Structures are given as C-alpha cells and as structure tokens.
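S.K.: Sending over a structure as structure tokens; questions will come in a sec.
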Amino acid sequence: MEALLQQIENYKKEITVYEAADAEATEAFRIKYLGTKGIVKAIMGEMKNVPNDQKKQFGQLLNDFKLFTEEKYEALKLSTTGGAQTAAKEIDWSLPGDSFPVGTRHPLTIVRNEIVSIFKRLGFAVAEGPEIEDDWHNFGAMNLPEDHPARDMQDTFYINQNPAWLLRTHTSSVQARVMEKQKPPIRVICPGRVYRNETISARAHCFFHQVEGLYIDENVSFADLKQTLYFFVQEMFGKDVKVRFRPSYFPFTEPSAEMDISCLICGGDGCNVCKHTGWVEILGSGMVHPKVLENFNIDANKYTGFAFGMGVERICQLKYRVNDLRLYSQNDVRFLKQFTSAV
Ligand code: 2NL
C-alpha cells in the first residue's frame, strides 16, 4: 500500500506543475490522466487489491486524487480555450466593433417609395385600405357591370367562407373609400398589393403592386392629366424620355388613355423590350367616369377628375431590367442584394 500512496503523491506533483500552452496540450492532459485508459482509472482499479479494513480510507484518498485531477483539467481548459482566453487578455477598446449585416430594401419598395415621393411633391396625399374587399368597393362603385369578365371566378379570388368578399383586383377600392368619406377637392395616391387569378409565369403573377392616383376638383381637365403624368415620367426616368398617349378603354374612365414612354433600353430605335416599336406602355389613365362620381354623390356637372393606375413591377422592370416577375417574390438574396438604395 505504501507503494500506491507514493505513486499518488508523485502523480500529484506531476499534475501540479503540468502546463498547457494550448487546447491540444489540455486534451493530452485529459487523455493521460482522465481518459478511459488513463492514470486515474488505473489507480482506481487498484482498489481491488486493498485489504477490506483499509478500503474506506483508501477510497477517500483515491476520490480526492480524482477530484484534484479534474480540477486541474478544468483550470487548464479555462486558460487555453477561446472565450476564457479573450476574457483573460486585455481588451483593446479602440478597435472597431464587429459589423453586422443590415438588409437591403426590396426593389419594389424602392420604386414604390420613389413613385409616392414624386406625387407627394405635387400635393397628393397617400391613402391605404384593406386587401379583402366587398364587391361594391372593388367593382360596383367603379362602374363595372354585373356581367363584366373581371368579376369572373377565373379572374378574381373570392373568399370561400363568404363569397361576398374578394381580394381586391386594383387599389381603386381605396379611392372609393376616400370618395365615400371626403368631399372634393380630392388628391390621393393609393399604393398597395392587388390580386388576380393568373397562372404564374415570367410575365404574370397572382399578385402585383399598384399605385393608383385620383384628382377631383372643379375644372380638372385632360390637359392636367397629361401634364401631371408627363412630370411624373420626367422625374422617374429622366428629362430625355418622350411620352405618347394612345386611346384606350376602362369602365371607370371616359375618355381613357394608355401612356407609353420611349424605350429606355434602345432609346427608341427598336429592341426586344419594346418589341421593336420604340415605345413601352407604363400606365393606364383617363377622366373619371361621371357614373363613378355620382356613386359617391359628387356632382358631375360641377366636378371633374382624372385617375391613373400603374404596376410597380412594370416600372421596376424598366428601371432595373428585371426580366422575370417571379424574382420579386422568391426571396433569393442573390437578386435582393443587388438593390442597395436607402430610399
Ligand atoms: C392600369 C390602369 C387605371 C384608374 C386606374 C381609377 C380610379 C378611380 C376612378 C377612376 Cl377611383 N379610375 N383608376 C383609371 C384608369 C386606369 O389603371 O393599367 N393599371 C395597372
């Protein structure tokens, strides 16, 4: 037994002076003393040779030795592992902090903000409304007859639980709510998400984003419409861009016109984007139909107005050359990271 006691004492001395420069040396210590084939285990195995009357005393001794070794191991670990080491070292407070990534704004948000800010400068207020609408605000008030194809199940998402509700197909419903509450003069723009039952492809999606505008006052003319939208285009796309209006049809405006701008890609010479016409369509517009005004008890003999609507995706496509609508909603950071504007 004397020999065993001596052995333990020697190991204790060895352990006391053991130094570990790195995590590897600490691990070597663990394997040598505390591993499954290590010294502590081996000495514990000596218990079977200890006479019965000394077992209790020896057991205590061996246990102390085990604890002693474990404590040393914990101390080595603390001084050689990362976190503890930094804490032990002095910190240089003058170093710059760790930067953390800030996200980027979604391209549609950037473009929507830009559109909104241009119209705000012209005195338009911003209005928002619900995405789940009733038939009246989305269709009826906008002079869409009962049998209009846009109301069809194929084009509009109706809510199963209550077929009187639908997902708005344009933000005209928001302007309807403004006209309900407010008397002319009215000058609002309504940005928002709208839904249409389309098969998803590069050129169509079941939702997109719109900015619609409405201006009602005495003596509002088609000349006001043209000049307002011309100003918008110049602010959005630059002074060199040309515009043209083509006659069109919408149930809620009369007369109606679509607006084209000269192709930004080829400058009007003809390319794939403008289908070799030199022009690209950017929005629909017109003078508010008298029936729409009367739906809100606005005297159509006293007041006139113009309205317009544009797709944010379309403007964004022209500005940033985005050639697939699906990119906007796939959340692929390789796409999103390319837009870093703070607007
Ligand atoms: C398009 C065409 C348009 C309107 C929207 C409107 C709103 C009211 C009254 C009359 Cl409250 N009109 N909005 C008018 C003409 C065209 O949108 O192509 N949008 C993407």
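S.K.: Say R0 is 56 Å: what FRET efficiency, to the nearest 0.05, do Gln182 and Ala42 get from their beta-carbon distance?
M.R.: With a Förster radius of 56 Å, E is 0.05.
S.K.: Once the convex hull of the C-alpha atoms of region 205-341 is built, how many Å³ does it hold per residue, rounded to a whole number?
M.R.: About 137 Å³ per residue, rounded to a whole number.
S.K.: Distance in nm between label sites at Ile91 and Arg244, each 7 Å beyond Cα in the beta-carbon direction?
M.R.: According to this spin-label approximation, the distance is 6.7 nm.
S.K.: If you count the DSSP beta bridges with both ends in region 107-342, what percent of them are antiparallel, to the nearest 5?
M.R.: If I count the DSSP bridges inside region 107-342, around 95 percent turn out antiparallel.
S.K.: With the Cα gyration tensor of region 2-89 in hand, convert its eigenvalues to equivalent ellipsoid semi-axes via √(5λ) and list them largest first in whole Å.
M.R.: Ellipsoid half-lengths, sorted descending, are 30, 11, 11 Å.
S.K.: Right, something else. So if I place +1 on the C-beta of Lys and Arg and -1 on the C-beta of Asp and Glu, and nothing else carries charge, what would the dipole magnitude of the chain be about its Cα centre? I want it in debye, nearest 20.
M.R.: That gives a dipole near 420 debye.
S.K.: Here's something else I'd like to know. Within the accessible area of the chain, what % is carbon and sulfur when the probe is 1.4 Å and the other protein chains stay in place?
M.R.: 52 percent
S.K.: On to the next question. Counting Lys and Arg as +1 and Asp and Glu as -1, each charge on the Cβ, what is the dipole of region 102-212 about the Cα centre in debye, to the nearest 20?
M.R.: For this selection, approximately 680 debye.
S.K.: Whole number in Å², please: accessible area per residue of region 107-342, 1.4 Å probe, ligands, DNA and RNA not counted.
M.R.: That works out to 51 Å² per residue.
S.K.: Using Cα springs under 10 Å in a Gaussian network model of the chain, which residue among Val174, Val116, Val50 shows the largest mean-square fluctuation?
M.R.: Between Val174, Val116, Val50, it is Val50 that shows the largest mean-square fluctuation.
S.K.: Please work out the C-alpha center-to-center distance from region 265-343 to region 194-224 and express it in whole Å.
M.R.: The two parts, judged by their Cα centres, are 7 Å apart.
S.K.: Among Gly45, Phe306, Cys266, pick out the residue whose Cα is farthest towards the positive end of the charge dipole of the chain, where Lys and Arg carry +1 and Asp and Glu carry -1 on C-beta, about the Cα centre.
M.R.: Result: Gly45, furthest along the dipole toward the positive end.
S.K.: Give me the distance in nm between label points sitting 7 Å out from Cα along the Cα-to-Cβ direction at Asp152 and Tyr320, one decimal.
M.R.: Result for the modelled spin labels: 3.4 nm.
S.K.: Let me ask another. Roughly how many debye, to the nearest 20, is the charge dipole of region 203-343 about its Cα centre, given +1 on each Lys and Arg Cβ, -1 on each Asp and Glu Cβ, and no other charges?
M.R.: With Lys and Arg at +1 and Asp and Glu at -1, about 620 debye.
S.K.: Let me ask something additional. What do you get for the angle between helix 107-121 and the principal long axis of the chain? Use alpha-carbon atoms, 0 to 90 degrees, nearest ten.
M.R.: Tilt relative to the chain: about 50 degrees.
S.K.: Positive end of the dipole of the chain, charges at C-beta (+1 Lys, Arg; -1 Asp, Glu), about the Cα centre: which of Asn143, Leu78, Pro251 has its Cα farthest in that direction?
M.R.: Ranked along the dipole, the leading option is Leu78.
S.K.: Let me ask something else. Give the dimensionless ratio obtained when the Cα radius of gyration of region 107-342 is divided by 2.2 N^0.38 Å.
M.R.: It is 1.02.
S.K.: How much length, in nm to one decimal, is gained on full extension between Glu294 and Asn10, taken as 0.36 nm per residue of separation minus their Cα-Cα distance?
M.R.: Between Glu294 and Asn10, full extension yields an extra 91.8 nm.
S.K.: Also: Kirkwood hydrodynamic radius (Cα pairs, Å) of region 108-177?
M.R.: Here the Kirkwood hydrodynamic radius works out to 13.6 Å.
S.K.: Specify which residue in the list Cys190, Gln6, His209 is farthest towards the positive end of the charge dipole of the chain, using unit charges on the beta carbon of Lys, Arg (+1) and Asp, Glu (-1), about the Cα centre.
M.R.: Sorting the options by dipole projection puts first Gln6.
S.K.: Do the sum for the chain: with -39,500 (n - 2.57) for every DSSP H run of n ≥ 4, divided by all residues, what is the mean residue ellipticity at 222 nm, to the nearest 500 deg cm²/dmol?
M.R.: -11000 deg cm²/dmol
S.K.: When the convex hull of the C-alpha atoms of region 141-194 is computed, what volume per residue in Å³ does it have?
M.R.: Considering the Cα atoms of region 141-194, their hull volume per residue is 99 Å³.
S.K.: Can I ask one more? To the nearest 10 degrees, how steep is helix 2-17 against the longest Cα principal axis of the chain, on a 0 to 90 scale?
M.R.: Approximately 40 degrees, to the nearest 10.
The values are calculated or read from the model by the stated rules, or taken from the named source; none is laboratory data. Note that this is a predicted model, so its numbers are computed, not measured. No Cβ is skipped: glycine too gets one built from the backbone with ideal geometry, and neighbour counts run over all protein chains shown. Surface areas here come from the heavy atoms of the whole protein model, side chains and all, with no ligands, DNA or RNA. Shrake-Rupley method; radii C 1.70, N 1.55, O 1.52, S 1.80 Å.
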